[in-house]
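Comments concern the structure below.
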Amino acid sequence: MKRKMTETTKIFYKLLQVMMMLAIVAGSTRCNLYVNSEAPTNYYEFTDFDILTLGKNISDMLMDPVQPYLYLADYGNNAVLRIDISGEMKVDRKLVLGSHPIALDITPSQNKLIVALNGESNLKVIDLATYTVVDEIPVSLVGLNDLVCATDAHLFVSAYTEANVVSLSLPGKQEQNEIIRSGELLASVDGNKIFVASKNIVQKYDLSSGNTTQEAWSAPFGFQAKINDFVLSPNGEQLFLCLADVDDHKNVRDVLAFSAADLTFTGKYEVKSAGMGVAVSKDGSRVFVAPTEADGAGVFVVEFDGATKLEKDYYLVAGNLKAKGIAIDQNDEYLYVAIDSPGDDDSFEPYNNNSFDLQRIKLH
Amino acid sequence: MQYNKIVQGQLIVGANYEYEFLTDPIYGTRSIPNINRERTNNTATSVFLNYGMTEKFSLTLLVPFRSVTNEKILFRGQNDDQYNGGKYTRHASGLGDIVVMFNYALPHLSPLPSVLVSAGVKLANASIDATDKYGKRFSDNLQIGSGSVDPVLALSMSQHFHKLLFSAEAFTRISLRENIYGYKYGNELHGILSADYPGDMFYGGLRFNYLLVTRDHYQYGKITRERGGTWFYVAPKLGIKVLDDLDFDISIPMAIYQNVNESQLTSSYQIQINTVYHLTF
């Protein structure tokens with residue numbers, strides 16, 4: 001079937017070959033049918049995760065205000081971990097304290113870490129300079145839940161099993177029953193006010209007269225809530241409340257904010273599920289909310305503008321988040337979140353279904 | 001192996017099996033963590049029929065049977081039907097979209113390469129309605145069909161050089177319209193360069209495959225995230241002539257460059273097994 005080519009046929013074939021090559025090249029570059037330049041809006045950056053593997057049940061997390069350390073209450077192992085965050089994250093020290101540490105607070109003078117134990121009626125006092133236990137404070141309550149240091153010598157402690165909190169005066173360790181309802185506790189920057197988020201209301205108490213009195217302000221929220229986190233902004237102006245409805249997970253979709261001055265309702269930060277925790281920058285301009293639920297693309301810590309209360313940025317995290325499991329460093333450069341990565345549950349390991357690691361996120 | 005040559009009255013019957021296990025997420029060209037531990041098994045078993053109607057024209061029919069299984073670990077709240085998360089599987093299988101093509105062989109004028117021009121359609125016969133175990137239809141990119149009839153075009157040429165057969169092919173599928181759910185797949189362009197050694201008993205070769213896929217669109221025009229990109233593969237091939245008219249070969253396309261839109265699961269290799277039987281009437 002082969003036949004002698006004419007000059008015209010040769011030219012035709014040469015042209016055809018050139019066109020084929022051009023078609024391939026054009027297709028791979030800028031031919032209209034194969035343009036691949038349109039892009040959706042990218043709301044988040046996909047970077048590698050910076051994770052310190054711990055596998056611990058972290059019940060509370062607190063940043064040292066001065067030193068480059070993060071303190072983690074390791075509920076399952078009866079310990080408080082000191083994480084060195086100055087370079088690559090590492091467990092710097094571990095103190096085994098007693099049964100189930102559940103809440104942490106640092107004294108206003110910033111030199112003592114107070115630890116509430118849920119599994120025994122004691123508080124432990126850690127000296128932050130030496131990271132050693134320097135005192136133990138017995139409490140009459142059972143099932144401790146939270147504590148707050150109003151001053152270096154005046155602590156308030158709440159328990160799941162009691163209706164009201166007790167206060168402790170140091171160094172004598174005198175205990176006094178208070179009129180303050182049990183719940184998650186906060187103290188104002190000057191130490192003269194106590195804020196309590198209990199199951200259905202936020203209340204404020206005055207300590208300035210020497211006797212505790214309830215202020216007229218209160219903020220009810222109308223249902224029996226589980227308090228995931230209760231945070232005072234570093235400037236002392238805003239209270240952030242993370243509520244959850246254990247009977248209906250769709251009921252709560254926001255983190256609520258109140259004025260610390262008069263408990264007026266000042267903002268709603270919508271993350272489409274109950275908030276797990278909140279971290280706030282020093283000047284209050286950046287509010288970071290850890291949600292309970294994942295988005296279709298993953299779990300994100302959502303940053304809000306403190307002034308407009310609008311979503312501003314998204315930070316992808318490597319797993320489910322935890323109540324009270326978020327902290328911001330002293331320079332507002334990094335967030336730290338407790339994460340439960342998928343895939344490490346439901347194994348044959350005993351008691352491992354509450355296994356959290358620590359993720360560090362560089363803020364944009 | 002040499003599809004550019006059409007023999008009148010010859011029926012080529014082929015079967016092809018392709019396997020791909022996607023488990024490595026990348027963002028652009030950068031490897032990223034697989035946060036949901038997601039993985040996708042893609043297999044396609046295809047029956048290939050080519051009949052030479054004349055010495056110039058042939059008709060090709062490609063009938064694929066596809067299976068797609070995607071598994072991942074959900075986070076809490078990521079799926080309303082499985083609120084607390086855990087393993088979530090989506091699976092679709094069955095007859096894929098059939099491709100029908102007419103091929104025209106340009107007169108072979110030695111020493112120039114033989115050239116084959118092909119045009120046809122990819123039908124929309126395959127199901128696009130697969131659902132998860134909760135009865136909800138899942139995303140289009142895991143369905144075995146596209147839901148739209150699209151034109152396919154190909155141009156290929158081959159040339160013997162000493163004992164080697166060199167081939168070049170360009171193949172494209174162009175999406176014309178959205179399916180019933182408003183989803184429109186991106187266009188595909190394949191560029192293939194290959195060199196084969198046609199031995200008496202064994203044969204082998206090396207193929208370079210360039211693939212460009214443009215973005216998909218959903219809801220009649222919205223840009224879909226995480227679809228489309230550019231891939232380069234190199235695929236060594238080893239074959240055996242089982243009978244005079246029966247070939248059997250295996251090739252392993254290995255990804256040497258992948259640049260995807262946003263983040264996508266990728267695999268570092270595929271497995272392709274082919275068998276071809278030539279039957280002359």
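Quick check on my filter: what residues within region A:36-45 are at the interface with chain B (Cβ under 10 Å from one of its Cβ atoms) and within 20 Å of the chain's Cα centre (by Cα)?
Residue satisfying the conditions is A:Glu45 alone.
Going by the conditions given, is A:Val66 surrounded by fewer than 17 Cβ atoms within 10 Å (Cβ to Cβ) and either of a type in the set (A, V, I, L, M) or not assigned by TED's automatic domain parsing to the domain that holds A:Met276 (or both)?
Numbers: surrounded by fewer than 17 Cβ atoms within 10 Å (Cβ to Cβ): yes; either of a type in the set (A, V, I, L, M) or not assigned by TED's automatic domain parsing to the domain that holds A:Met276 (or both): yes.
Here the answer is yes, as A:Val66 does meet what is asked.
Scan region A:161-185 for residues that are surrounded by 14 or more Cβ atoms within 10 Å (Cβ to Cβ) and free of Cβ contacts under 8 Å to residues at least 40 places away in the same chain and jot them down. Before the answer, list the steps.
Of the residues in region A:161-185, the ones surrounded by 14 or more Cβ atoms within 10 Å (Cβ to Cβ) are A:162, A:164-168, A:170, A:173, A:175, A:178, A:180-185.
Answer for region A:161-185, where residues must be surrounded by 14 or more Cβ atoms within 10 Å (Cβ to Cβ) and free of Cβ contacts under 8 Å to residues at least 40 places away in the same chain: A:Glu162, A:Asn164, A:Val165, A:Val166, A:Leu170, A:Lys173, A:Glu175, A:Glu178, A:Ile180, A:Arg181, A:Ser182.
If you go through region B:233-267 one residue at a time, how many are over 20 Å from the mean Cα position of the chain (by Cα) and part of a loop (DSSP other than H, G, I, E, B)?
Residues in region B:233-267 being over 20 Å from the mean Cα position of the chain (by Cα) and part of a loop (DSSP other than H, G, I, E, B): 3 in total.
Could you tell me whether B:Phe57 is surrounded by fewer than 16 Cβ atoms within 10 Å (Cβ to Cβ) and under 30 Å from B:Ile6 (Cα atoms)?
On the way: surrounded by fewer than 16 Cβ atoms within 10 Å (Cβ to Cβ): yes; under 30 Å from B:Ile6 (Cα atoms): yes.
So B:Phe57 passes the test.
Please verify whether region B:99-106 includes one or more residues that are crowded, with 19+ Cβ neighbours inside 10 Å and at positive phi.
Within region B:99-106 (the criterion being crowded, with 19+ Cβ neighbours inside 10 Å and at positive phi), the answer is no, since none of the residues qualifies.
Could you say which residue among B:Tyr183, B:Tyr269 is in contact with a helix residue (DSSP H, G or I) (Cβ under 7 Å, 6 or more places away or on another chain), away from every other protein chain (no Cβ under 14 Å) and over 30 Å from B:Gly52 (Cα atoms)? Full working, then the answer.
Working: B:Tyr269 fails: in contact with a helix residue (DSSP H, G or I) (Cβ under 7 Å, 6 or more places away or on another chain).
Going through B:Tyr183, B:Tyr269 in turn, just one is in contact with a helix residue (DSSP H, G or I) (Cβ under 7 Å, 6 or more places away or on another chain), away from every other protein chain (no Cβ under 14 Å) and over 30 Å from B:Gly52 (Cα atoms): B:Tyr183.
For region B:1-81, list the strands (runs of 3 or more DSSP E) that sit wholly inside it and hold at least 3 residues that are within 14 Å of chain A (Cβ to nearest Cβ) and in contact with a Phe, Trp or Tyr (Cβ under 8 Å, 6 or more places away or on another chain); which are they? Walk me through how you get there before you give the answer.
On the way: elements: B:10-22, B:24-27, B:39-52, B:57-74.
Those strands (runs of 3 or more DSSP E) span B:57-74.
Mind listing whichever residues of region A:298-323 are part of a loop (DSSP other than H, G, I, E, B) and within 8 Å of chain B (Cβ to nearest Cβ)?
Keep residues of region A:298-323 that are part of a loop (DSSP other than H, G, I, E, B), which gives A:306-310, A:318-319, A:321-323.
Of everything in region A:298-323, those that are part of a loop (DSSP other than H, G, I, E, B) and within 8 Å of chain B (Cβ to nearest Cβ) turn out to be A:Ala318, A:Gly319.
Considering only region B:217-244, state which residues are surrounded by 15 or more Cβ atoms within 10 Å (Cβ to Cβ), within 11 Å of chain A (Cβ to nearest Cβ) and not hydroxyl-bearing (Ser, Thr, Tyr).
B:His217, B:Ile223, B:Arg225, B:Glu226, B:Arg227, B:Gly228, B:Gly229, B:Phe232
So in region A:69-83, with the set limited to residues that are in contact (Cβ under 8 Å) with a residue 60 or more places away in the chain and buried (at least 21 other Cβ atoms within 10 Å of the Cβ), which one is farthest from A:Thr107 (Cα to Cα)?
Step one: list which residues in region A:69-83 are in contact (Cβ under 8 Å) with a residue 60 or more places away in the chain, which gives A:70, A:72, A:76, A:83.
Applying the additional criterion that residues be buried (at least 21 other Cβ atoms within 10 Å of the Cβ) yields A:70, A:72, A:83.
Details: A:Leu70: 15, A:Leu72: 16, A:Ile83: 19 Å.
That would be A:Ile83.
Can you tell me which residue within region A:264-292, out of those that are polar (S, T, N, Q) and part of a loop (DSSP other than H, G, I, E, B), is farthest from the chain's Cα centre (by Cα)?
Going through the qualifying residues, I end up with A:Thr264.
The values are calculated or read from the model by the stated rules, or taken from the named source; none is laboratory data. This one's a predicted model, so the numbers in the text were calculated from it and none came from an experiment. All Cβ positions, glycine included, derive from the backbone under ideal geometry; neighbour counts span all protein chains shown.
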